[in-house]
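The values are calculated or read from the model by the stated rules, or taken from the named source; none is laboratory data. Nothing here was measured: the structure is a model prediction, and the numbers come from that model. In this analysis, Cβ positions are derived from the backbone assuming ideal geometry, glycine residues included, and neighbour counts consider all displayed protein chains.
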Amino acid sequence: MSKTVLLIEDEPNIIEAISFLLSRDGWSVHTHSNGLTALDAVAERQPDLIVLDVMLPGRSGYEILKDIRRARDTEQTPVLMLTARGQMKDRELALEAGANTFMTKPFANAEMLDAVRALAGA
Amino acid sequence: MTRLQLKPNNWSGTHRDFIVNTSANFLAAVSVGYVALLFLVAFVAEQAARSGHARWLRSPLVYTLSLSVYCTAWTFYGAVGFAVRSGLEYLTIYIGPTLVVIGYWWILRRMVRVARAQKITSIADLISSRFGKSNTLAVMITLMAVAGTTPYIALQLQSVTLSFEAFSSAGVVDGPNDPGHSNATAFWVAMALALFTVLFGTRNLDVNERHHGVVMAIAFEAVVKLLALLAIGIFVVWGLAGGVPEVLARIETSEINSWEVIPSRWAGLIFLSAAAFLTLPRMFQVLIVEIDDERHLRFASWAFPLYVMLISLFVVPIAVVGLESLPAGTNPDLYVLSLPLAHGQTSLATLSFLGGFSSATSMVIVASIALSTMVSNHIVMPIWLRFTGGGATVSGDVRHVVLLSRRLSILGVVLLGYAYYRISGGGAALAAIGLVSFAGVSQFLPPLLGGLFWRGATRSGAISGLTVGFAIWLWCMFLPSFGPDAVIPAEVFVHGPWGIGFLRPQAMFGFTGLDPLVHAVFWSVGLNTLVFTLVSLLSFPSPLERLQGAQFVNVFEHSSRGQRWQGSAAQSEDLMVMAQRILGPSEAQALFLRAAQGQGIEGYLPEPTPDFLNHLERELSGSVGAATAHAMVGQIVGGAAVSVDDLIAVADEAAQIMEYSNQLEAKSEELARTARALGEANEKLTQLSVQKDTFLSQISHELRTPMTSIRAFAEILRDETDVSGEEQSKMSAIIHSESLRLTRLLDDLLDLSVFENGQVNLNVQRGLLADVLDQAVTASGSGGKLAILRKPEREQVMLTTDLDRLAQVFINLISNAQKYCDAARPVLRIEVRHVAGKVQIDFVDNGSGIALASQGLVFEKFVRLDGQSESGAGLGLAICREVVTRLGGAISYLPGQGGAAFRVSLPEADKSI
């Protein structure tokens, strides 16, 4: 059974792109686009990996991540954070919140796949 | 009335022989010798006063004797004549002053105290000082005093000349009427007196104007006068009449006894003499200015009446005996001279001559000192200071100027008297001048007493009263004194000026039958007082007048008794203590040390010489201001009361300092304001910087998001080979649409930047609102399910604006509704209405609208509202706001409309276009 990834992102075209890439790499991809209900989706899916955008409608990715880390059954779940803001401050905030990997948009597809594979293998 | 006549008397031959022997040279020598003696007396007194061990100089006896300056040649010679003509009436001239001196407690004591406290130098100074230091008043009084005194001085010169002639030329028929001779006599006498006065009257420039030498000389002359009259009296009573009982018997039978007393004249004369005693400049000088100790008044209160009594004791006997024994037609004014002469008593006659000479000289000397002080202080110095612009400090050069102006003033006053003597020719005009003069200066009485006792008295009152009184005096007394037709035509005396009987000089306001003297005094002083009182009641005193009024009226509460001026009693130690407090110890010590070394004294305590005190005052004034420094030094050195003037000056300085500190405070407040403004600006900059960061970060996000999709799919298309054609076309479509989004974003950014920098070029056209809306609806694409409701009949509005930009705004608003209206069946209503010259276009949808908290933010750049999808530029409404503002309109969010509601309001097109 393939590993599951939960993609929390609100841009439809980006969802499309990432879903396409990860599906081709053998992941079972679930998506969610609302920040407010993202935690419920995480709890429901119990994914092996979470790809999390920072700027989400309703709630920021950092806050969601902190709650993910607080929940016992997801505290170890690897999280790849994506942000369209490319400043150092954003990277620090992401790692502080508990992200395993941080990537800036736009990203190279190969990089994204490498990062996901690395997290899955860990 | 007294009468001094130029005509020499016809004396018998026996006496003529003697008189011929008595050469003019002899008399001249006696006079010169006498004046030399006066010089000596004055000089010795000055020296003694300077060395400081001459208590007798300051004795009450000297003071009392100096008051005898009241008894001039007019009284010396004239009293007998007065008695011959008017009986005992001559006594009134002595009763007035006697009453004033006996009642010194009420008026004189107050005047002395006020003068001391205020450093008063003359009657003009006293009155002007009381009424707010009014120089106008001072000048008025000075001029009036000069006008009133000049004829009086002329009278003295005349009496001396007359006695000279009576003495030296009695037997020579032609000689005495030689006018050149008598003029020369008068001139040389005047010059000698001027010289004496200049020498001893302007010796020093004391603050308090004391002249010990002069006072001593006057006292000496008082003794000579008294001795002369007593000697003649004794000679007459015991030598000629044969004893007291015989004299009394003669008086019984004499015609003098038959004179009746006229009460109104007596009252008028007593009042007049009392008033003159207080207001005559020379009396003010000796009574008030020259007094050393207030307690002398007590001595004088009995000693002066005694002196006056002695001097008038033998008047009646001399008059009676003269009337009987001398030939008819002999001038009774010269009885004191002609009686001893007629009996061959050369030395007695010489003594008598000296007595008259003393009376005349003392009057001229004191009067010219008093007048010169007034003229110099109130007329010459103010003019000099105005023209030189010099500061009002008496030091250095100014001192010399003051002395010079005093000296010139003395010379001027004496010469004025001489000129009057020459011009009047010593005729009948001079006869009444004594009383005329008295009445003139009596005009000072209302402002003097009013100023001393009534706080309500004002400057305007004093000036008005003086003007009225002086005018009436001139009209009713001074001008008529020259006799009918001399100045005023006889016609006027009978019918009044221009036939106005009301203003007849001797029957003002229709009051006839009064004695001319009583009439004039009554009206001048009476109306003076009335006007003074009324105007004072009606006018308001200035602050300075109020202060001075309080100082004068309540003088006994403000000053201590018997303050003495002791220039040498200054305590260097006290000065040192004060200086240290103000300058700081080291500077003060250095200053005192230098001064002490300069004086050749070891240590830190120099003698408090005037130079040192001036220097110290200057140093102190650098720290505390001139007035304060003066007051401080004055208090230690002089023991002087600090005058109101000083206090006012101190207050002025304090006010200046306060103003300065206020300015400083204002400046520091200004600085604080500037600092606050800078802080605010800085905060704004910081905010701007934060906004800029936020903006950049948002721009970055907005650019990266479409870029992410584009790059991802582009890489897939490039790298993956097994992508289906359907997928390929879908990906291409995404890439394409995201590219468009990117382009749109860049366009928006450019638009916004152009608008914000004000570089926009508006393409203003005329068009129908309906057309613009059509265009916008078409451009936004009817795609989606949004229904747009319009009322085309209301959209027929002509606009003059940039139609394309306006369409852009409408497109933005429509697409917002398309994107964010969350109703199941979204509807957008577009409504147009006219309000107050404006067109309002409302865009209201039926969605959930914008949360209240966010409503204020919707027009900010990149504001993403809760619940909105992240897509969309976030610049739309910001651009709308910019555009509408440029078009002269406004855009706002309308709360409470059910859904999101925006209102664009635009100015209506000018109908004329």
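Brief remarks on what is shown
- Residues (part of a loop (DSSP other than H, G, I, E, B) and either at the interface with chain B (Cβ under 7 Å from one of its Cβ atoms) or more than 13 Å from the chain's Cα centre (by Cα) (or both)) located in region A:8-28: A:Asp10, A:Glu11, A:Asp25, A:Gly26, A:Trp27
- Taking the listed residues B:Thr743, B:Thr694, the one that is within 25 Å of A:Met103 (Cα to Cα) and more than 14 Å from every other protein chain (Cβ to nearest Cβ) is B:Thr743, with no other qualifying.
- If you go through region B:782-815 and keep only what is surrounded by fewer than 16 Cβ atoms within 10 Å (Cβ to Cβ), in contact (Cβ under 8 Å) with a residue 24 or more places away in the chain and assigned to a loop (DSSP other than H, G, I, E, B), you end up with B:Gly783, B:Gly784, B:Lys785, B:Lys791, B:Gln796.
- Residues of region B:297-325 classified as more than 18 Å from B:Ile120 (Cα to Cα) and surrounded by 19 or more Cβ atoms within 10 Å (Cβ to Cβ), total: 17
- Hits in region B:707-726 - residues which are more than 8 Å from chain A (Cβ to nearest Cβ) and of a type outside the set (Lys, Arg): B:Ala714, B:Leu717, B:Thr721, B:Asp722, B:Val723, B:Ser724, B:Gly725, B:Glu726
- Residue list for region B:44-75, filter: modelled with pLDDT under 85, surrounded by 24 or more Cβ atoms within 10 Å (Cβ to Cβ) and of a type in the set (A, V, I, L, M, F, W, C): B:Ala45, B:Ala73, B:Trp74
- Here A:Ala99 passes the criteria (1) more than 10 Å from chain B (Cβ to nearest Cβ); (2) crowded, with 20+ Cβ neighbours inside 10 Å; (3) assigned to a helix (DSSP H, G or I) except the one numbered (3).
- Inspection of region A:56-77 finds no residue satisfying the criterion of being touching a residue at least 12 places away in the same chain (Cβ under 8 Å), touching a Phe, Trp or Tyr at 6+ places or on another chain (Cβ under 8 Å) and either assigned to a loop (DSSP other than H, G, I, E, B) or within 14 Å of chain B (Cβ to nearest Cβ) (or both).
Yes/no matrix, rows are residues, columns are (1) within 20 Å of B:Pro585 (Cβ to Cβ); (2) under 22 Å from the mean Cα position of the chain (by Cα); (3) at pLDDT below 70; (4) surrounded by 15 or more Cβ atoms within 10 Å (Cβ to Cβ):
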residue	(1), (2), (3), (4)
B:Leu616	yes, no, no, yes
B:Val624	yes, yes, yes, yes
B:Leu647	no, yes, yes, yes
B:Met658	no, yes, no, no
B:Gln663	no, no, no, no
B:Glu670	no, no, no, no
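- Qualifying residue in region B:746-762 (condition: within 14 Å of chain A (Cβ to nearest Cβ) and out of contact with any Pro (no Cβ under 6 Å at 6 or more places or on another chain)): no
- The one condition in (1) facing another protein chain (nearest Cβ under 10 Å); (2) over 26 Å from B:Leu717 (Cα atoms); (3) touching a residue at least 40 places away in the same chain (Cβ under 8 Å) that A:Arg45 fails to fulfil: (1)
- Condition broken by A:Val51, with the remaining ones in (1) in a strand (DSSP E or B); (2) facing chain B (nearest Cβ under 10 Å) satisfied: (2)
- Looking only at region B:92-116, and only at residues there that are surrounded by fewer than 21 Cβ atoms within 10 Å (Cβ to Cβ) and of a type in the set (A, V, I, L, M, F, W, C), the one that is nearest to B:Gln548 (Cα to Cα): B:Ile107
- The sole residue among B:Ala590, B:Ala595 that is in contact with a His (Cβ under 8 Å, 6 or more places away or on another chain) and either at pLDDT 80 or above or within 16 Å of B:Glu573 (Cβ to Cβ) (or both) is B:Ala595.
- Residue within region A:81-90 that is of a type in the set (A, V, I, L, M, F, W, C) and surrounded by fewer than 19 Cβ atoms within 10 Å (Cβ to Cβ) present: yes
- Sole residue being surrounded by fewer than 19 Cβ atoms within 10 Å (Cβ to Cβ) and in contact with a helix residue (DSSP H, G or I) (Cβ under 7 Å, 6 or more places away or on another chain), chosen from A:Asp25, A:Asp114, A:Asp40: A:Asp25
- Boolean, B:Ala712 is outside the structural domain of B:Leu875 (by TED's automatic domain parsing) and more than 24 Å from A:Ala84 (Cβ to Cβ): no
- B:Arg741 meets all of the listed conditions (1) within 19 Å of B:Leu806 (Cα to Cα); (2) surrounded by 17 or more Cβ atoms within 10 Å (Cβ to Cβ); (3) out of contact with any Lys or Arg (no Cβ under 7 Å at 6 or more places or on another chain) but one, namely (1).
- So B:Ile234, is it of a type outside the set (Gly, Ala, Ser) and surrounded by 16 or more Cβ atoms within 10 Å (Cβ to Cβ): no
- The condition (being part of a loop (DSSP other than H, G, I, E, B) and modelled with pLDDT under 75) is satisfied by just one residue among B:Gly180, B:Gly171: B:Gly171.
- Whichever residue in region A:78-94 is within 14 Å of another protein chain (Cβ to nearest Cβ) and in a loop (DSSP other than H, G, I, E, B) and, among such residues, is modelled with the highest pLDDT: A:Ala84
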